[in-house]
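The values are calculated or read from the model by the stated rules, or taken from the named source; none is laboratory data. Please read all numbers here as calculations on a predicted model, not as lab measurements. We place every Cβ from the backbone using ideal geometry, glycine too, and count neighbours over all the protein chains shown.
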Amino acid sequence: MVVELARQWRGYDIIHLHVPDPMACLAIWLVRPKAKLVVHWHSDVVNKGWLLYLFAPLQQWILARADAIITTSGTYSTESRWLGKFKDKIHVVPIGIPDPESDNDEHGVVTAASDDERKFIILAVGRAVEQKGFHVLLEAIADLPAQVEAWIVGDGPYLPALAALAKKLNVEDRVVFQGRVDRTKIGELYRQADLFCLPAVYPESFGVVIVEAMAHCLPVVTTETRPSGSKWINEHGRTGYNVAPGDAQELAGAIKRLLGDDKLRAEMGRNARARFEALFTDRRMVDLTLDLYKKIYPGSRSR
């Protein structure tokens, strides 16, 4: 990486560095390219112990060297322990996704089935690791009516523990572990769901799956971890609810409010879709990035 950067940087006016990436930061420090530098801060470095303290001086040098710093949410830029002194350089560019062009009018609409017959589907998507908090969702399911099911999409080492917990809580017949699915299948699952839940117990720097759910007109229940962008994506009381991490009772309460009020669920689903269209499209992400390039390097041209 160092050799390639030294060989190629003179052909570029702007270097866009995605972090955390210690090796890329080291390459910038060693080569000292004179191009404009955009640091794209996706998350703090976490769970690295003493290695973080070795890396911290280099990280601070990179932030000081940067001509601009991109964060993916306004909340993460203020909550990160590392970004406070560089607030004048920060530009918020949310991660955007292509519009799934789903039939959003079908979401949040009461079906012809009676309340006793109808199933309510809570969709959760993410790697099956403890940090995602799927165990808290299972505990909440145990406190919800019998017609409520949780569909959990994703693979990972925590799946056996989740299956065992579902059996222990006597909800194994109301929890469907979908495993890893392709894009077509996940789109179908979003369209079948009544609401989306990301019950993370560890900070989510952003939460693309929340954006995907909102694009499909689903209200969202997620958690208020810190630092995190997820609670900014999901506007509490308007597109869904943000609850305390690890609190199954509060999580169940938020889900009950949504599933028990068809009008509220439909309204929050429409608000979620509107927020997606306003903030989280791929086109907006590209436009904001190009505008930033032109701001720090007026000679740059959008392609």
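From the list Leu279, Leu288, Leu259, which residue is in contact (Cβ under 8 Å) with a residue 24 or more places away in the chain and under 25 Å from Lys34 (Cα atoms)?
Of the residues listed, the single one that is in contact (Cβ under 8 Å) with a residue 24 or more places away in the chain and under 25 Å from Lys34 (Cα atoms) is Leu288.
Going by the conditions given, is Ala6 buried (at least 17 other Cβ atoms within 10 Å of the Cβ), more than 22 Å from the chain's Cα centre (by Cα), over 26 Å from Phe280 (Cβ atoms) and of a type in the set (Gly, Ala, Ser)?
no
Being over 22 Å from the mean Cα position of the chain (by Cα) and of a type in the set (Phe, Trp, Tyr): is that true of Phe134 here?
no
Would you call Pro160 surrounded by fewer than 20 Cβ atoms within 10 Å (Cβ to Cβ) and not charged (D, E, K, R)?
So Pro160 fits the description; yes.
Take the stretch 142-165 and flag every residue that is free of Cβ contacts under 8 Å to residues at least 60 places away in the same chain and within 12 Å of Ile122 (Cα to Cα).
The answer is Gln147, Glu149, Ala150, Trp151, Ile152, Val153.
Only strands (runs of 3 or more DSSP E) wholly contained in the stretch 1-99 count here; list those with 2 or more residues that are in contact with a Lys or Arg (Cβ under 9 Å, 6 or more places away or on another chain) and at pLDDT 95 or above.
14-19, 36-41, 68-71
Does Leu292 fit the bill of being modelled with pLDDT of 95 or more, in contact with a His (Cβ under 6 Å, 6 or more places away or on another chain), part of a helix (DSSP H, G or I) and not small (Gly, Ala, Ser)?
Here the answer is yes, as Leu292 does meet what is asked.
Kindly check whether there is at least one residue in the stretch 56-73 that is among the charged types (D, E, K, R) and touching a Leu at 6+ places or on another chain (Cβ under 9 Å).
yes
Please count how many residues of the stretch 212-224 are under 22 Å from Thr78 (Cα atoms) and surrounded by fewer than 24 Cβ atoms within 10 Å (Cβ to Cβ).
So the answer is 1.
Count, please, the residues in the stretch 47-75 that happen to be loosely packed, with under 12 Cβ neighbours inside 10 Å and either of a type in the set (Asp, Glu) or under 30 Å from His236 (Cβ atoms) (or both).
1
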